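Chemist: Quick one: structure below, then a few questions.
Computed from the coordinates by the stated procedures, all read-outs in this text should not be read as laboratory data. Everything numeric here is computed off the predicted structure, so don't read it as measured data. Here the Cβ is made from the backbone with ideal geometry for all residues, glycine too, and neighbour counts use every protein chain on show.
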Amino acid sequence: MKKLFLLLSVLGILLYNCSDESGNTNGIISDLSSDIKDILSSDAPNDAGFEVAADDVYIPDTTITDTGSKGIFEDVTSYDISPSDTGDAPENTADITGISDIYEDTSGDINLSDTQDISSSIKIIFPDTYECENPCTFRVEASSKIVKVRYLAEDKWEIGKSESRNTGFEIQYRFSTLGKRIIYAYGYDSKDENASPVCSDHKEFLIKEPSGNKFGVWLWYIDGTGMTHSELAQRLSALGVKRIYVKVADGPADCVFNWPEGCDMDIPRTYKQNGIECWAWSYNYPGNEMNQADALYNAAYVGYDGYVLDIEKEFDSRTTELENLLKEFMNAKADAVSNGFISNTWPVYVTTWGNPKDHNMHVEIIDKYADGHMPQTYLEVWGESYMNDPAKWIKTGTCEYRELGAKKPVHHIVSTEYNKITSDQINTFFKWSGRESSVWRVPGTETPLSIWQTWEKVDWKMSDFEVITCP
């Protein structure tokens, strides 16, 4: 099925690009490259698993590559479609004491010589890479008897502790001394301050200063912006925008009639050439999961840097449908990894309500599959009192996600579609939401173009963010 969508996308984009000003495409098929034309005219029997009527096109179960033409299927290895380092910001979640603005206490060593080391009972699982950008988030996997985890640097200086099993005993810590640091995690089976640890684990990390932010903007339709993708990329780059989310599907993948962005290599390549990460996103529905997931597979093939599923009212209070959809998208990602289009670290996020509890959205199911959450914290839509206190509603939203079972990073989206929210309010929003904050949406298509003037005053280079702790 994935090959069907990819091949149909070729036909659709060629027809689109080769039509005259009136949209007439007569005779275009005769101009297709010989490779594609041979496939379209194949008389092979129908064993592809779908019906072929007398006038239908048969698409054999083969891998399509362009051996000489300059169409959409240029040699994929000639483009950079490997996932970029998204640099997820450490999330500020958990019951943490003494985390904000903590630095190492060098007043003396801590004696833990009586510790019984049962390494199988606790394991540091995050950061899951050697490098960590300051401030760093630490999380463990612990056996059921563990009720408290204490973290030390170099087995001497306490950097935090947590009693929140729901978040993997997560803490966040800002280091004053960078470079190689050895982090120890000690597990306790009692919350008593005088209790001794019963297990431990340690791991070395390279602590680095953050490399900036990944602030992004969302694109619905390019047509309504009055610009081409190239022109938009240049304008966003001039502002300092680091990421764009391009819509590639609404339900099933459809590169031929509605969303050619889903199969056009030039789009992600254009933004990357301007220093902007290019992610794909789709609005999703219950049912027909395989065809919807084909949009992710296509996006991975043509070089997008990540993918976001938009899951809203159709999944309120629904668990089976939500799980079925997410499973199928993970299957599509696994296929793309298997075929060498992306690596296993290629990120997949989910965006849904900024107030998921009110919608009975099952965040705990999303968290099983997604690499990150993107709450639609639309203060401008909610009202003036919300816009006047972005910090409060960012903290409220993040902690609500944690309460509902979210352990993955949380990156909020702010709406500017009415041009009521000010640049100062957006800056405050970003400061509390973190380095992967984003804005809905690129001006145009029923939104005032004056939004650009507000965006020009936003601090797109922000690198200092607040720390959120949840009760």
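Chemist: Grab the beta carbon distance between Tyr418 and Asn331, set R0 = 35 Å, and tell me the FRET efficiency rounded to 0.05.
Modeler: Result of the calculation: an efficiency of 0.35.
Chemist: For a quick check: sort Tyr283, Tyr297 by the number of other beta carbons within 10 angstrom, fewest at the front.
Modeler: Tyr283, Tyr297
Chemist: Ok, one more. Any idea what the dipole of the range 119-208 comes to, in debye rounded to 20, about its Cα centre with Lys/Arg Cβ at +1 and Asp/Glu Cβ at -1?
Modeler: With only Lys, Arg, Asp and Glu charged at Cβ, the dipole is about 60 debye.
Chemist: Next up: To make sure I understand, if each residue's beta carbon is the centre and we count other beta carbons within 10 Å, what order do Lys191, Lys208 fall in, fewest to most?
Modeler: Lys191, Lys208
Chemist: Under the rule a/c < 1.5 gives rounded, and otherwise a/b versus b/c splits prolate from oblate, where does the range 216-455 land using the Cα gyration tensor?
Modeler: In terms of gyration-tensor shape, oblate.
Chemist: Now for a separate question. Using 7 Å Cα-to-Cβ label points, what is the Ser237/Glu141 separation (nm, one decimal)?
Modeler: 4.2 nm
Chemist: If I model the range 213-274 as equal point scatterers sitting on the Cα atoms and use the Debye formula, what is log10 I(q)/I(0) at q = 0.15, 0.19 Å⁻¹?
Modeler: Scattering profile of the range 213-274, log10 relative to I(0): -0.45, -0.71.
Chemist: Which ³J(HN,Hα) values in Hz, rounded to whole numbers, follow from the phi angles of the range 193-208 under the Karplus curve 6.51 cos²θ - 1.76 cosθ + 1.60, where θ = phi - 60° and Gly and Pro get x?
Modeler: In residue order, the calculated couplings are 4, 9, 5, 9, x, 10, 7, 7, 8, 8, 7, 8, 10, 9, 8, 10 Hz.
Chemist: While we're on this one: On a full-extension model of 0.36 nm per residue, what is the gain between Asp459 and Asp128, subtracting their alpha-carbon distance, rounded to one decimal in nm?
Modeler: 116.1 nm
Chemist: For the range 169-176, in order, what is each residue's ³J(HN,Hα) by Karplus, 6.51 cos²θ - 1.76 cosθ + 1.60 with θ = phi - 60°, in whole Hz (x at glycine and Pro)?
Modeler: Residue by residue, the range 169-176 yields 6, 7, 9, 10, 9, 9, 7, 8 Hz.
Chemist: Taking a 22 Å limit on the Cα-Cα distance, which of the listed pairs Lys408/Lys431; Lys327/Lys431; Lys407/Lys461; Lys313/Lys368 fall beyond it?
Modeler: Lys327/Lys431; Lys407/Lys461
Chemist: Among Lys327, Lys313, rank each residue by its count of other Cβ atoms within 10 Å, from fewest to most, as a rough exposure measure.
Modeler: Lys313, Lys327
Chemist: What's the local net charge at Ile276, with K and R +1, D and E -1, over the other residues with C-beta under 12 Å away?
Modeler: Charge balance near Ile276 sits at +4.
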